[in-house]
1. Within a 10 angstrom radius of the beta carbon, how do Asp195, Asp288, Asp180 rank from fewest other beta carbons to most?
2. Taking 0.36 nm per residue of sequence separation and subtracting the Cα-Cα distance, how much length would be gained by fully extending the chain between Asp415 and Glu289, in nm to one decimal?
3. Do the alpha carbons of any pairs in Lys140/Lys232; Lys97/Lys306; Lys159/Lys234; Lys314/Lys409; Lys97/Lys314; Lys306/Lys409 sit beyond 20 Å of each other, and which pairs?
4. Could you please rank Asp300, Asp220, placing first whichever residue has the fewest other Cβ atoms within 10 Å of its Cβ?
5. Using only the Cα atoms of the stretch 145-280, what are the Rg and Dmax in Å?
6. Compute the label zone of Lys198 within the stretch 236-271: residues whose backbone N is under 15 Å from the point 7 Å along Cα-to-Cβ.
7. Starting from the 7 Å offset along Cα-to-Cβ, what nm value, one decimal, do you get for the label separation of Arg361 and Glu310?
8. How many Å³ per residue does the convex hull of the Cα positions in the stretch 100-412 occupy?
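Computed from the coordinates by the stated procedures, all read-outs in this text should not be read as laboratory data. These numbers come from a predicted model, not from an experiment. Heads up, the Cβs are rebuilt from the backbone with ideal geometry, glycines too, and the neighbour counts pull from every protein chain shown.
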Amino acid sequence: MTAAAGRGMGDARRCVARALRAGWWRDDANGGGGGERASAVAASASAASGRRRRWRRRRRLASVSASNASASASGAAAGWARSLDDKLRAKSTTTRKLPAQEEAARRLASGIGATICVRTVLAPLERVKIEYLLNRSALKPEALVRSIFTKEGLGGFWKGNLLNLARTAPYKAINFCAFDTYRGFVIKAFPEGSDGRKIGTLCAGAGAGVTAVLTCFPMDVLRTRLLTTGGKAKYGSLIQCVKTMYTQEGLSTFYRGITPALVSMAPNAAVYYTIYDGLKHRRMAQLDEELRVRIAATKDTRERAKLEREYPSKTVEASNMMLFGALAGVASEASTYPFEVIRRRMQMQGGRSSASMVFGREALRRMTVTLRSIVRKQGVRGLYAGLGPSCIQVLPSASLGFFSYEMFKLLFQVD
């Protein structure tokens with residue numbers, strides 16, 4: 001007997017007991033009427049107990065049915081969500097793949113276009129930094145700006161900008177392109193979120209910096225020679241500078257100071273690209289998740305199709321893009337700036353040069369001698385001469401650089 005049936009029989013017994021206590025069992029004046037009424041009460045109690053049992057049974061069946069329906073609905077919703085995830089994931093992995101050469105060409109074009117725009121805008125800050133770093137100006141920034149304007153006019157702030165563009169445009173283009181290419185190899189080799197992916201991204205940044213330095217360093221040496229005080233009078237034009245340096249100092253002089261450049265650029269680029277790439281992809285993951293939620297909540301078919309075309313996110317908001325670039329630029333610049341000072345000073349050293357003075361043990365010895373000379377004459381602060389203007393320049397340079405590069409990539413339709 002079930003618990004519900006037991007409770008029903010108990011109710012019937014209590015009804016009968018109440019009837020007996022009320023005296024309904026005695027015969028009335030007509031004889032036998034009380035017994036009939038007691039039987040009727042007992043029958044009514046039994047019927048009520050049966051109704052209660054049937055009601056409880058229907059309630060249990062309804063509860064089980066509702067539970068099954070809820071589970072079925074949850075399963076259907078989960079299945080639809082999985083179907084949506086699979087659809088969006090398939091869409092994100094089936095984007096049109098460009099040939100490797102065309103992809104590299106578009107990235108290089110994006111880097112060149114971005115660099116021309118940014119460097120032309122920031123050329124005045126670069127000129128002020130060079131005055132502090134190489135010509136060792138003791139003037140305050142506002143006095144230095146007035147001095148340049150008085151002596152050379154407004155065009156003095158863009159002095160050497162064409163040469164700077166000839167150096168930085170291919171340099172930044174190769175840097176950006178190399179990082180995207182190396183990072184593509186890392187993405188194929190390691191799964192998302194793994195330690196291998198993180199270390200690989202760090203190495204991709206360092207490799208991009210080294211690749212760009214080895215390719216474009218001679219132009220940096222020429223620019224440094226021409227921009228220092230008396231450089232234009234001594235060497236004349238760019239072509240004459242190349243001839244004079246090659247004749248008097250040899251071919252290896254175009255790579256003088258490359259050792260500290262490589263030593264500084266590897267960690268500099270690693271920090272620069274790792275911070276920016278990490279912040280950017282974290283934000284893109286948030287945007288993708290927000291887009292998924294919007295797609296799942298949208299009932300209108302056309303609106304859902306429109307949102308699905310936007311998945312996955314191609315880039316982050318312009319404000320976040322510039323913020324991430326600025327943070328990455330300042331962090332990388334401040335962490336490796338002493339190597340920048342040493343490199344510039346070594347580039348200014350004259351005399352015959354040989355391959356052993358540019359690479360290897362002799363290059364490291366000359367780098368150490370230059371470091372000691374700076375510290376002895378100017379103290380540790382000398383290693384950070386011009387850091388303020390450099391960071392002021394890096395803030396807009398890094399933020400606008402990444403923003404411009406991402407915009408040009410969207411224009412050229414390349415990842």
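1. So the ranking, lowest neighbour count to highest, is Asp195, Asp288, Asp180.
2. Once the chain is fully extended between Asp415 and Glu289, it gains 43.4 nm.
3. Cα-Cα > 20 Å for Lys140/Lys232; Lys97/Lys306; Lys306/Lys409; rest within.
4. Asp300, Asp220
5. Computed over the Cα atoms of the stretch 145-280, radius of gyration and Dmax are 18.8, 58 Å.
6. The answer is 271, whose backbone nitrogens lie closer than 15 Å to the label point.
7. My value for the distance between the label points is 6.3 nm.
8. Working: hull volume 50.2 nm³, N = 313.
Given the Cα convex hull of the stretch 100-412, per-residue volume reads 160 Å³.
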